[in-house]
Amino acid sequence: MNTGFPADFMWGGATAATQVEGGWNEGGKGLDTGDCRSADPATPRAQRRERPFKEMTTERMKAAIACEDTGIYPFRWGSDQYHRWEEDLDLFAEMSMKVYRMSVSWARIFPNGDDAEPNAEGLAYYRKVMEGCKKRGIKVFLTMLYYSIPVHLLEEYGGWTNRKMVDLYVRYAKTLYENFGDLVDYWLPFNEMNAGRFAPFSGAALIRHEGENFDQVVHQALHHEFLASALAIKLGHEMMPDSKFGCMIARFCHYAGTCSPEDQLQRQHDEQYTNWFYTDVMARGAYPSYMDRYFALKGIEIAKDPDDDKILREGTADFISFSYYFTQVSTVNTAWEKTDGNLVVASKNPYLPTSEWGWQEDPTGLRITLNQLYDRYQKPLFVSEFGLGATDVLEEDGAVHDEYRIAYLRNHIAAMREAVIDGVDLFGCTIWGIIDLVSNGTIEMTKRYGVIYVDADDAGEGTFDRYKKDSFYWYKHCIETNGEVL
């Protein structure tokens, strides 16, 4: 029987270029869709939660494109890692991190997305960062597309609604392989593939238009993303036979609200439509039969070319990764109390505590999720995101006492260890955002995830200096004892 994490377990941290990088108009970078998501700090927090995350309007998009400075667009400054990457890597190395899950910006490499040649300055920047990881003994886990795409691709092609995006993405992937193939240890073509349904603008650059069947639009765009991922994986295997390629979803673990057969059936449907559909396509290489009924009920007809099924079969992932933040209840009771969660509003579980932002904390659900995924697919697993968003206080002496985050990490890492003992092939995990960054959901810095504090507020004011939180030292000790001392 396994007794704990394997000796080569990969402990690390994760960020996204859109949320951490800044330098939005430097180094030849083009405007991307993340740069256009707004959050006015004067807007009450409750409204900021609801507004720009899932939906984007044509009017707000036009206003963002016309804005030539940072304005009310926090992703344009992020955590200023574009200028401070060496300092950040030094902190990661001090923490004994084994792997850094980072992403690259498509718009920094191809400013318009369809340029004839890549931006040499952007390629050089990312090469410096990845070489910096290697020099510090940190492996690179590269997310090739973390939500944002160049704005030109939305204006010219309609984003992922257009099949031409598949070829453009594969060309982008080939450029990444050619330039960083010697530096990247693990490749992830898309972040949270199911986000296209639950956060359409972030996940698939979709803007809802009056009168259209938006379910049809969403799932057609997802089909194009599935194809792009499969073709990129196949090409990657051909160009770099020893490399490993994964897939990823935002994992929504469901519990039936009651013992009623109706709630049990609802749980099964929720698992299929929000989780299994995406991993079935990317890990098994085919659309599952249970989606036929779902598509019929929603009036969805996926337009496919004759070779599409073959493409999906030939481009399956080597491993499965997922983000995990909360669990939720499945029920047919429409009056069930609701609460917030990653990407969705969820039915509340009365047995679980909630975070400051209403997300329900459930480490046991992580163990359940790991067992479910491994039992279904028998492929190696990687927890690519987990973490606690909270309001932190920087003391006058530069300390941040975040015992609540330490408790969260301790409990979730203990659950991972139990899953490994259960027999799950789990080879690593990366805390989200290992360093404070602009929250994707509420578009604010106040909701902090990092074990490293960044001195910046929701309006981008501050020194942007870095400070080690108490959780920094805790995680360092966790890594150095390979998760044995929590």
Residue within the range 18-25 that is assigned to a helix (DSSP H, G or I), open to solvent by 10 Å² or more (accessible area, probe 1.4 Å), at pLDDT 95 or above and in contact with a Cys (Cβ under 8 Å, 6 or more places away or on another chain) present: no
query: For His477, are the conditions met, namely being open to solvent by 40 Å² or more (accessible area, probe 1.4 Å) and assigned to a helix (DSSP H, G or I)?
result: yes
Among residues of the range 144-164, those that are under 18 Å from the mean Cα position of the chain (by Cα) and in a loop (DSSP other than H, G, I, E, B), counted: 6
message: Among (1) under 22 Å from Trp359 (Cβ atoms); (2) without any contact (Cβ under 8 Å) to a residue 24 or more places away in the chain, there is one condition Thr274 misses while meeting the rest; what is its number?
response: (2)
message: One residue is enough: does the range 181-196 have a residue meeting the conditions open to solvent by 10 Å² or more (accessible area, probe 1.4 Å) and in a helix (DSSP H, G or I)?
response: no
statement: Of (1) charged (D, E, K, R); (2) open to solvent by 40 Å² or more (accessible area, probe 1.4 Å); (3) over 20 Å from Ser229 (Cα atoms), Lys310 fails just (3)
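Listed here are the residues, each with its yes/no results for (1) over 19 Å from the mean Cα position of the chain (by Cα); (2) without any contact (Cβ under 8 Å) to a residue 40 or more places away in the chain; (3) open to solvent by 40 Å² or more (accessible area, probe 1.4 Å).
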site: Trp359; (1), (2), (3): no, yes, no
site: Ala419; (1), (2), (3): yes, no, no
site: Trp432; (1), (2), (3): no, no, no
site: Asp436; (1), (2), (3): no, no, no
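Among residues belonging to the range 226-284 that are assigned to a strand (DSSP E or B) and among the hydrophobic types (A, V, I, L, M, F, W, C), point out the one that is most open to solvent (accessible area, probe 1.4 Å).
Residues of the range 226-284 assigned to a strand (DSSP E or B): 244-250, 253-256.
Now restrict to residues that are among the hydrophobic types (A, V, I, L, M, F, W, C): 245, 247-250, 253, 256.
Numbers: Phe245: 0, Cys247: 3, Met248: 1, Ile249: 2, Ala250: 0, Cys253: 2, Ala256: 29 Å².
For the range 226-284, the residue satisfying everything is Ala256.
Mind telling me which of the residues Phe92, Phe141 ends up being assigned to a helix (DSSP H, G or I) and either under 19 Å from the mean Cα position of the chain (by Cα) or closer than 23 Å to Ser471 by Cβ (or both)?
Phe92
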query: Hey, among the residues in the range 330-349 that are open to solvent by 10 Å² or more (accessible area, probe 1.4 Å) and hydrophobic (A, V, I, L, M, F, W, C), which one's nearest to Ala204 (Cα to Cα)?
result: Val344
- prompt: What residue, of Ile406, Ile479, Ile431, is at pLDDT 95 or above and under 28 Å from Phe198 (Cβ atoms)?
  reply: Ile431
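The values are calculated or read from the model by the stated rules, or taken from the named source; none is laboratory data. In this text the structure is predicted, and so the values were computed from the model without any measurement. Using ideal geometry, Cβ is built from the backbone for each residue, glycine included, and neighbour counts are taken over all protein chains shown. Quick note on the areas: whole protein, heavy atoms, side chains included, nothing else; ligands and nucleic acids left out. Shrake-Rupley method; radii C 1.70, N 1.55, O 1.52, S 1.80 Å.
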